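What follows is a set of notes on a single structure, which appears directly below.
Rule-based calculations on the coordinates, nothing more; no lab input. Here the structure is a predicted model, which means the values were calculated and not measured. Ideal geometry is used to build each Cβ from the backbone, glycine not excepted, and the neighbour counts take in all protein chains shown.
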Amino acid sequence: MSKNIQENITTFHKDISFSGKLVADEKIIIHGHMEGVLQTSQDLTIEKSGKVKADIKSANFILSGALFGNITSKGTVTVTKSGRMVGDIKAENIVINAGAQFKGTVLTKGNSPKNSSPRKQSRPKTKR
C-alpha cells in the first residue's frame, strides 16, 4: 500500500510584497519582495527576482536573488551564481558558487568558537 503525501509549498510571486514575521512548517519560495523575519522548518528559496531584507531560519536555503540579512540553517545554504547577499551565514554546510556575490561572515558547525583556537602548549620548567 503506497501513501500519497502532498508537499505544502507557499509561493510569493513577483507582484507580492510582504512586511512582517512569517512562521511556517512548509517550503517557501519567494519571487517577490519581503522584509522582516522568515522562519520555516522546511526549505526556503529566494528566486532570481526575489529581493529580501530579513533574518531567516530554515532547514535548507537556496539564494538566487538578493538578500540583506542573516541566515541560520540546520542543513545546507547555497548561494547560486546569480545570488547576492550581505549578511552572515550559520549552517551545517555552505556552498557559494562562482559568480555569486557575498559579503559577511560564515560559521559552520566544524568551526565553532570553542573548537577554533589551538591550545597553548607549555614547556617544562628546568632548574638552573
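Of note:
- Within region 32-63: backbone nitrogen closer than 17 Å to the LYS14 label point (7 Å, Cα to C-beta): 32-34, 46-52
- Neighbourhood charge, 14 Å Cβ-Cβ cut-off, centred on SER17 and excluding it, Lys, Arg +1 and Asp, Glu -1: +1
- Cross-link check: pairs LYS57/LYS109; LYS51/LYS74; LYS48/LYS109; LYS27/LYS51; LYS48/LYS74 evaluated at a Cα-Cα cut-off of 21 Å; pairs beyond the cut-off: LYS51/LYS74; LYS48/LYS109; LYS48/LYS74.
- If R0 is 30 Å, the Cβ-Cβ spacing of ASP88 and GLU26 corresponds to a FRET efficiency of close to 0.75.
- Cut-off 17 Å (backbone N to label point 7 Å along Cα→Cβ of THR76), residues of region 34-53: 42-46
- Distant-in-sequence amide contacts of VAL77, defined by a placed amide H-H separation under 5 Å and a gap of 5 or more residues or a different chain, comprise PHE61, ASN93, ILE94, VAL95.
- Across region 36-42, coupling constants 3J(HN,Hα) worked out from phi with the 6.51/-1.76/1.60 Karplus curve, θ = phi - 60°, read x, 10, 10, 9, 9, 7, 10 Hz, and Gly and Pro carry x.
- Environment charge at GLY69 (Cβ cut-off 14 Å; Lys +1, Arg +1, Asp -1, Glu -1): +4
- Near ASP55: Cβ cut-off under 14 Å, other residues only, Lys/Arg at +1 and Asp/Glu at -1. The net charge is +2.
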